[in-house]
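Note sheet for the following structure.
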Amino acid sequence: MDDCIFCRIVSGDLESDLIYEDDDLVAFRDLNPQAPTHVLLIPRRHVSTVNDLGYADAELIGRLVLAGQRLASEEGIAEEGYRLVLNCNREAGQSVFHLHLHLLGGRRMKWPPG
Ligand code: 5GP
Ligand code: ZN
C-alpha cells in the first residue's frame, strides 16, 4: 500500500510522533490535533474501513481499544474522560482510508458530535 500514508508511517517511510507500537498496532500523535491529547491507533496491517472487518479481526479490534485505554491512562486523561472514535467512510468524516481509532481528551467534549 505505497499510496497509503498510514502504511507509510507503519513502515517508517513517513515520520510521525510514535508513542506506542507492538507486533500488530502502532499509535502516534495526530498531525492536526483536535484536543490536547489526540492520538491515532492503527493496525499495522492495511484495513481500509470498519466495513472491511470480520470476526477474524475481533481480537485486533479488542486490542486496539485496550491500547487506547492504556494510552488514555498514560496521557493522564483516563479519570476525567476521553473519547475513542472510529469514523467510517465519507459521511462520518473519514479522510484516511487505513482504519484508525482516535483517542481524544484533555478538554470537554460535546454531544452530539458535529
Ligand atoms: P479521519 O478524518 O480519517 O477520521 O482521521 C484522519 C486523521 O489523520 C486526521 O485527524 C488527520 O489530522 C490525521 N492525519 C492525516 N495525515 C497525517 C499524517 O501524515 N500524520 C499524522 N500524524 N496524522 C495525519
Ligand atoms: Zn494503509
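The residue of the stretch 87-100 that is nearest to ligand 1 (Cβ to nearest atom), among those that are of a type outside the set (D, E, K, R) and more than 15 Å from residue 32 (Cα to Cα), is 87.
Scanning the stretch 74-96 for residues that are open to solvent by less than 80 Å² (accessible area, probe 1.4 Å), out of contact with any strand residue (DSSP E or B) (no Cβ under 7 Å at 6 or more places or on another chain) and of a type in the set (Gly, Ala, Ser) yields 76, 78, 92, 93. Residue count for the stretch 14-34, restricted to those that are within 11 Å of ligand 1 (Cβ to nearest atom) and either open to solvent by 10 Å² or more (accessible area, probe 1.4 Å) or among the basic types (Lys, Arg) (or both): 12. Taking the listed residues 75, 59, 79, the one that is more than 14 Å from ligand 1 (Cβ to nearest atom) and either in contact with a Ser or Thr (Cβ under 8 Å, 6 or more places away or on another chain) or in contact (Cβ under 8 Å) with a residue 40 or more places away in the chain (or both) is 75, with no other qualifying.
Among the residues of the stretch 1-13, the ones that are under 16 Å from residue 99 (Cβ atoms), open to solvent by less than 90 Å² (accessible area, probe 1.4 Å) and more than 11 Å from ligand 1 (Cβ to nearest atom) come to 2 in all. Does residue 39 satisfy being among the β-branched types (Val, Ile, Thr) and within 16 Å of residue 17 (Cα to Cα)? Considered against the rule, which asks whether it is among the β-branched types (Val, Ile, Thr) and within 16 Å of residue 17 (Cα to Cα), residue 39 comes out as yes.
Scanning the stretch 38-55 for residues that are within 14 Å of ligand 2 (Cβ to nearest atom) and touching a strand residue (DSSP E or B) at 6+ places or on another chain (Cβ under 7 Å) turns up 40, 41, 42, 43, 44. The residue list 71, 64, 99 contains one member that is open to solvent by less than 50 Å² (accessible area, probe 1.4 Å) and part of a loop (DSSP other than H, G, I, E, B), which is 99.
Tell me which residues, restricted to the stretch 35-56, are touching a residue at least 60 places away in the same chain (Cβ under 8 Å) and crowded, with 16+ Cβ neighbours inside 10 Å. Scanning the stretch 35-56 gives 35, 37, 38, 39, 40, 41. A count restricted to the stretch 1-37 and to residues that are more than 15 Å from residue 47 (Cβ to Cβ) and near ligand 2 (Cβ under 10 Å from one of its atoms) stands at 4.
The values are calculated or read from the model by the stated rules, or taken from the named source; none is laboratory data. None of the values given here were measured: they were computed from a predicted structure. Here the Cβ is made from the backbone with ideal geometry for all residues, glycine too, and neighbour counts use every protein chain on show. Remember, those area values only see protein heavy atoms, side chains included, never the ligands or the DNA or RNA. Shrake-Rupley method; radii C 1.70, N 1.55, O 1.52, S 1.80 Å.
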